[in-house]
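Worksheet for the structure shown next.
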Amino acid sequence: MANGNFTRVTEFILTGVSEHPDLQIPLFFVFLVIYGLTVTGNLSIITLTSVNSLLQTPMYFFLRHLAIVNLGNSTVIAPKMLINFLVNKHTTSFYECAAQLGGFLVFIVAEIFMLAVMAYDRYVAICNPLLYMAVVSQRVCLLLVSLTYLYGFSTAIVVSCCVFSMSYYFCNVINHFYCDTVPLIALSCSDTTLPETIVFISASTNLMFSITIVVASYFNIILSILRIRSSEGRKRAFSTCASHMTAVSPRNNHSLDIDKMASVFYTLVIPMLNPIIYSLRNKDVKAALRNFLTN
């Protein structure tokens, strides 16, 4: 930072969800409840799928890691957000901001690809049930999850380095409740062509790849289900992937002009809802939870 080519800003100011003073305490309690439910729900999924013998299948292995990603994504955002509701000056240091952006990108990218992996898992389970355990073996599961985290980490490193290698001199007010790429790029005093291009290519590629896998998987799943003559068989087939079909909705991880509530939805509300969706729509998870609570 001694070099003039780099930022001279040592801290940023986050505007938060709302700048209205009277709303700070009520919003604090609202988001405290949301974050509490997120932690409780996702830790429950992680625990149940780790210790219960009925949930030691590839589907629940991927569900466990989706819960880890959801918990990580919320934890990167929520604690700092909650603190800012209680203090007058919503500041974050340069390096804290960089760490938050990096962590957010790791988990949001990992979530997008974890949902794609889960869609592929359901495709194999429905369309090729006899080959399921061979195709989606333990080794394949570990490989897919490892690649998902590795790609999320790599994306975070590249994008974060591009964003924080720009120059920031006077403007340090981020129009958001966390450090995101687009608001940060908007503050830069240097040429933003390269960072904007990298962010656009990364976001577009990630979303299109994930959406392609999800759509192709469920298109083939629906075709396979329609070929099942038994209505009970069709119902059972739909039930095995209904929870995932409800939860899967890859989100764009960049928004400046979009309402901040959209960001609240995909960074805090979705991670809270996913455990509820999978628990309420899944008999095995509900049975495992009952056994866990009664034992």
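The values are calculated or read from the model by the stated rules, or taken from the named source; none is laboratory data. On a predicted model such as this, the values are computed, not experimentally measured, just so you know. Methodologically, a virtual Cβ is constructed for each residue, glycine included, from the backbone with ideal geometry; neighbour enumeration extends over all protein chains shown. These accessible areas exclude ligands, DNA and RNA; they are computed on the full protein's heavy atoms, side chains included. Shrake-Rupley method; radii C 1.70, N 1.55, O 1.52, S 1.80 Å.
Observations
- Subset of the range 111-143 (residues that are under 12 Å from THR57 (Cβ atoms), within 26 Å of the chain's Cα centre (by Cα) and open to solvent by 50 Å² or more (accessible area, probe 1.4 Å)): GLN138
- Qualifying positions in the range 170-191 - more than 11 Å from PHE12 (Cα to Cα) and over 26 Å from the mean Cα position of the chain (by Cα): SER188, CYS189, SER190, ASP191
- Exclusive hit being in a helix (DSSP H, G or I) and surrounded by 19 or more Cβ atoms within 10 Å (Cβ to Cβ), set SER160, SER146: SER160
- Residue within the range 55-76 that is touching a Cys at 6+ places or on another chain (Cβ under 6 Å) and aliphatic (A, V, I, L, M) present: no
- Residues (buried (at least 19 other Cβ atoms within 10 Å of the Cβ) and assigned to a helix (DSSP H, G or I)) located in the range 183-212: PRO183, LEU184, LEU187, PRO195, VAL199, SER202, ALA203, ASN206, SER210
- Of all residues in the range 5-32, those satisfying the criterion of being closer than 22 Å to THR192 by Cα, modelled with pLDDT under 85 and open to solvent by 30 Å² or more (accessible area, probe 1.4 Å) are ASN5, PHE6, ARG8, THR10.
- Answer from MET59, MET114, MET1, MET81 - the residue that is under 26 Å from CYS161 (Cβ atoms) and either at pLDDT below 90 or hydroxyl-bearing (Ser, Thr, Tyr) (or both): MET1
- Residue pairs whose Cβ atoms lie under 7 Å apart, sitting 6 or more positions apart in sequence or on different chains, and linking a residue in the range 72-97 that is under 15 Å from VAL173 (Cα atoms) to a partner that is among the basic types (Lys, Arg) and assigned to a helix (DSSP H, G or I), are THR92/LYS80.
- Residues (part of a helix (DSSP H, G or I) and open to solvent by less than 70 Å² (accessible area, probe 1.4 Å)) located in the range 76-98: VAL76, ILE77, ALA78, PRO79, LYS80, MET81, LEU82, ASN84, PHE85, PHE94, CYS97, ALA98
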